[in-house]
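I have placed the structure first, in the form of structure tokens, so that the comments after it can refer back to it.
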Amino acid sequence: MKFLSVLMLLISLNAFAARVEVDVLGMTCGMCVEAITKELKATNKVDNIKVSLENKKATFQELAKTKIADSEIKAAIKKAGYEAVKIRRDK
Ligand SMILES: [Cu+2]
């Protein structure tokens, strides 16, 4: 039962972290995916980073009690050498 309550806590914590989806221009290979992942990680503001070459999207969650501005997301992706064209948040 202890395991279940820890699981419920993790799920509820996740529910408060905004999920962000970014359309990225210019990705062509796995190196692009790695570069974008690395720069997003370097912001120290997001977690669960998934970059999809197929969908040309980066998705991630803000860390608990942390906000990342659209301008910071654009800057990180630009630093990797790409362009963030659209940013969506689930809350
Ligand atoms: Cu590439």
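Computed over the chain, relative contact order equals 39 percent, with contacts defined as Cα pairs under 8 Å that lie 6+ residues apart. Mean residue ellipticity, 222 nm, helices only, the chain: the sum of -39500 (n - 2.57) across DSSP H runs of n ≥ 4, divided by residue count and rounded to 500, is -13500 deg cm²/dmol.
Quick note: the coordinates plus some simple rules give every number you see, no bench work behind them. What you are looking at is a predicted structure, and each value in this text was computed from that prediction instead of being measured.
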